[in-house]
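Visitor: Let me begin by handing over the structure; questions about it come next.
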Amino acid sequence: MPRNLLRVASAVVLAAATLNAPTAYADDGDGEVAPVAVTVNARAALSTVPETGIGTNHAIWDSRLGSDDTADRLKDAGVKLLRYPGGSYSDIYHWADHTAPGGYVAPDTDFDTFMAGASRTGAQAMVTANYGTGTAEEAADWVRYANVTKGYGIKYWEIGNENYGNGHYGSAWEADDHADKSPAEYARHVVAYSDAMKAVDPTIKIGAVLTTPANWPDGLVGEGDEGTWNKVVLSTAGPKIDFVILHWYPGALDRTAHIPDMIQLTRRQIAEYAGAGSDRIGIAMTEFNTGSNSAGTNTQPGALAAADSYATLLANGVFTVDWWNVHNGIGPVKEVEGHTDYGDFGLLSSGSCTSDGSVCEPAFNTPFAPYYALQMVSRFARPGDQFIRAATDQAEVAAHAVRRPDGSLAVMLINTSSGTSYPVDIDYSGFSPAAGAPTVLSHTNGATAITSSDTGSASSQTLPPLSLTTIVLRPAAAQTGLPGAPGQPTASNVTDQAATISWPAATAGARPIVKYEVHRQNGATSEQLGETAGESLTVGNLRPGTRYTVNVIARDAGGAVSWASPPLTFTTGTPASSACTVRFTDQNDWGNGYVGGIDITNDGAPIDGWTLHFSWPRPWQSLGSGWSAVWTENGSDVKAVNDSGNGKLDTGASTSIGFVGNYSGPNVLPTVFTLNGTVCTTL
């Protein structure tokens, strides 16, 4: 959604922040920097890298959209998906005559020119059909031209861009000619678009626009609506779509920790509202940018945040992350970490100047630092690689890792400190690296290329300030004859303390498989929950209201182990029966806070005086105020003590209390409540 060639949309409600607090040197007492401990766990598997993972956006106001030099730059960066025709222009663009009433259309940007550039790049295309001022018939004709007439074979088609920005929630930037601007109207049209477009080519995938958890207008319920945008859209259009669309402009460079909950909450909404078979629905992040002019959009801090976010999103199962934008335009100019930041949201320079001509960007198509971030991620995590858990004990250093089909392993380390070179000590679980110096790829502050060298060791490296470093490691022993990985596990009979985990059998290697092990991910370490000779295991001693991620590993008669299965994430409940029951409701949400209602029922012996405890699931949540009890907060722990009028609860009696909860990230609601020390049943 360009505005004067600057993409600022959803970030308007987010405060910008800098990447680094004042540098905290890890001094070990004698003036030396203490080594950072890095843990890499090959048994704690995450998602497999998709073919379409590294993406970016093209816009029809960019006259070099289809040029060979642009395509070649994107190919060198490893871009595998290109989105067209560009943000909010999608909802004013008419493909057949290549017009966008109210907007600027540059020459040499028509659909066929775009496709020629995508072909040269070696990228798949994603097309956004016009919902705001278009029709289902127009979109179906586009599919016919693209896939029948021209044989382009375009798989992914979005219905509209940021259609919640049509004024329904008070802010309007997205074109929408429909008299009814509700999510229900959008959902009805998604169904019509899907039917019309798939009638032309039933192999295509249709995507619907959702709001991103904890980003406006997520959580809001518009006048006359039966729920939030996501609930209404998924409830109606869920059976007709194949993926959902998120956009994320965090407005700061330190928001990567939000991603796992952001994606998990989206999956939960899909499962709850989209109907039977909803596990087929993928998640696409079709617009992403750090969105932080204050901290450096196109200099090294932005690049480090981009690499961290791309890796985290892909590790959590998003099938494409698409940078906004290839070329964008100059914005606020400043010095960031010793280099000029042009406030440009593009990967490549547009060669533009400030309005007074006092500052100009470098030559057209000069890569900005985030370009090298995408290039590094594409070299680190290749399609078919499997993300595995990695972590560090230093907040200024992030770690990601993948296991490759040939048995090798790659680790990407990100040093966000502007003043400290960190030595790192790397410990591997489930992988033994070969002796000798590994291949090391590096990009440092201000560098105009990624360098490659054979340096250090598998367990010891030094990370320059503001750097991206990828270590590629060969296994110590040949990876032949190993059992195959078990298939996707599922969970059933989930209670407050137990769950049954089942999985498709693994394929035997050189020796028979003798058992399977179920491992829980505890950060970057694993905890074995049990083992069995079969393909199902009931695990116990689980904690109520807790999210668990597990992998299954096959072990053969010689002790050799397989790759880990894909991850399974499930959440335990609360006791089916207890001496107390709590009904918790999110009664009213305004995007960064909500009213929580708690109805307490005493199902045990009469009590005279009670204390209710619960904990905030995430550090970005806090108590604003409360009523009908005496409320206190200590860190993440929240306590409500009866007031003078509701302390006595006979058997079967109930009382109601409430609070205002604040949040600045994905709002994972509390689920476990204790009354006078007893875990209650939560409804």
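Derivation of every value follows stated rules applied to the coordinates shown; laboratory data play no part. Please read all numbers here as calculations on a predicted model, not as lab measurements. Backbone-built Cβ (ideal geometry, glycine too); neighbour counts: all protein chains shown.
Visitor: Please give the FRET efficiency for His339 paired with Glu32, using the beta carbon to beta carbon distance and R0 = 30 Å, rounded to the nearest 0.05.
Guide: 0.55
Visitor: If you plug each phi of region 500-514 into the Karplus form 6.51 cos²θ - 1.76 cosθ + 1.60 with θ = phi - 60°, what whole-Hz ³J(HN,Hα) values come out, in order, with x for Gly and Pro?
Guide: So the J values, rounded to whole Hz, are 9, 9, 10, 7, x, 4, 7, 8, 5, x, 6, 10, x, 7, 10.
Visitor: Ranked highest first by average number of other Cβ atoms within 10 Å, how do 397-410, 78-91, 443-456 line up?
Guide: Numbers: 397-410: 21.8, 78-91: 25.9, 443-456: 14.2.
Highest to lowest by the protection proxy: 78-91, 397-410, 443-456.
Visitor: Residue by residue, what Karplus-based ³J(HN,Hα) values in Hz, rounded to whole numbers, does region 407-413 have, using 6.51, -1.76 and 1.60 with θ = phi - 60° and x for Gly and Pro?
Guide: x, 6, 9, 10, 10, 10, 10
Visitor: Compute the FRET efficiency between Asn493 and Ser358 as 1/(1 + (r/R0)^6), taking r as their Cβ-Cβ distance and R0 = 41 Å, and round to the nearest 0.05.
Guide: Computed FRET efficiency for Asn493 and Ser358: 0.05.
Visitor: Under a point-charge model restricted to the Cβ atoms of Lys and Arg (+1) and Asp and Glu (-1), what is the dipole moment magnitude of region 387-473 relative to its Cα centre, in debye to the nearest 20?
Guide: The calculation lands at about 220 debye.
Visitor: So, by mean Cβ neighbours within 10 angstrom, what's the order for 673-679, 460-466 with the highest one leading?
Guide: 460-466, 673-679
Visitor: Report the equivalent ellipsoid semi-axes for region 353-436 in whole Å, largest first, defined as the square roots of five times the eigenvalues of the gyration tensor built from alpha carbon atoms.
Guide: Computed over region 353-436, the values are 35, 18, 10 Å.
Visitor: Roughly what % antiparallel, to the nearest 5, for the DSSP beta bridges in the chain?
Guide: Of the beta bridges lying entirely in the chain, close to 75 percent run antiparallel.
Visitor: Follow-up question, since we're still on this one. Just to compare against my own numbers: the Cα pair-distance distribution for region 490-571, 5 Å bins, whole % per bin, please.
Guide: Result, from short to long distances: 3, 15, 27, 25, 16, 9, 4, 1, 0 percent.
Visitor: Hey, can you grab everything whose amide H is under 5 Å from the amide H of Thr320? Only 5+ residues off in sequence or another chain; H modelled, so Pro and N-termini drop out.
Guide: Those qualifying (amide H under 5 Å, at least 5 residues apart or on another chain) are Met285.
Visitor: Rounded to the nearest 20 debye, what is the charge dipole size of the chain about its Cα centre when +1 sits on each Lys and Arg Cβ and -1 on each Asp and Glu Cβ?
Guide: Working: 39 positive and 67 negative charges, 337 e Å.
It works out to roughly 1620 debye.
Visitor: Once the mean 1/r over all distinct Cα pairs of the chain is inverted, what Kirkwood radius in angstroms do you read off?
Guide: 26.8
Visitor: If packing is taken as the average count of other Cβ atoms within 10 Å, what order do 619-630, 310-321 fall into, highest mean first?
Guide: In descending order of packing, they fall as 310-321, 619-630.
Visitor: So, one more: Give the long-range amide H neighbours of Ser429: residues separated by 5 or more places, or on another chain, with amide H under 5 Å away, using H modelled in the peptide plane at 1.01 Å from N.
Guide: Answer set, sorted by chain and number: Val40, Asn41, Ala42.
Visitor: Roughly how many debye, to the nearest 20, is the charge dipole of region 230-330 about its Cα centre, given +1 on each Lys and Arg Cβ, -1 on each Asp and Glu Cβ, and no other charges?
Guide: 240
Visitor: Still on this structure, please answer the following. Return the calculated 222 nm mean residue ellipticity for the chain, to the nearest 500 deg cm²/dmol, obtained by summing -39500 (n - 2.57) across DSSP H runs with n ≥ 4 and dividing by the residue count.
Guide: For the chain, the value works out to -4500 deg cm²/dmol.
Visitor: Only loop residues by DSSP count here, and only those with at most 16 other Cβ atoms within 10 Å; note down the GluC sites (Glu not before Pro) in region 201-278 that meet that.
Guide: Sites meeting the loop and neighbour criteria: Glu223, Glu226.
Visitor: Then there's this: Between region 33-92 and region 376-424, what is the C-alpha centre distance in whole Å?
Guide: Their Cα centres are 17 Å away from one another.
Visitor: Another question about this same structure. If you wrap a convex hull around the Cα atoms of region 387-473, how much volume per residue is inside, in Å³?
Guide: Numbers: hull volume 8.2 nm³, N = 87.
Dividing the Cα hull volume of region 387-473 by its residue count gives 94 Å³.
Visitor: Quick one: of Lys75/Lys155; Lys80/Lys181; Lys75/Lys181; Lys205/Lys231; Lys80/Lys240, which pairs are farther than 30 Å apart, Cα to Cα?
Guide: With Cα atoms farther than 30 Å apart: Lys80/Lys181; Lys75/Lys181.
Visitor: If you don't mind, another one. I'd like the per residue volume of the convex hull spanned by the Cα atoms of region 580-682, given in cubic angstrom.
Guide: Values: hull volume 8.5 nm³, N = 103.
So the per-residue hull volume is 83 Å³.
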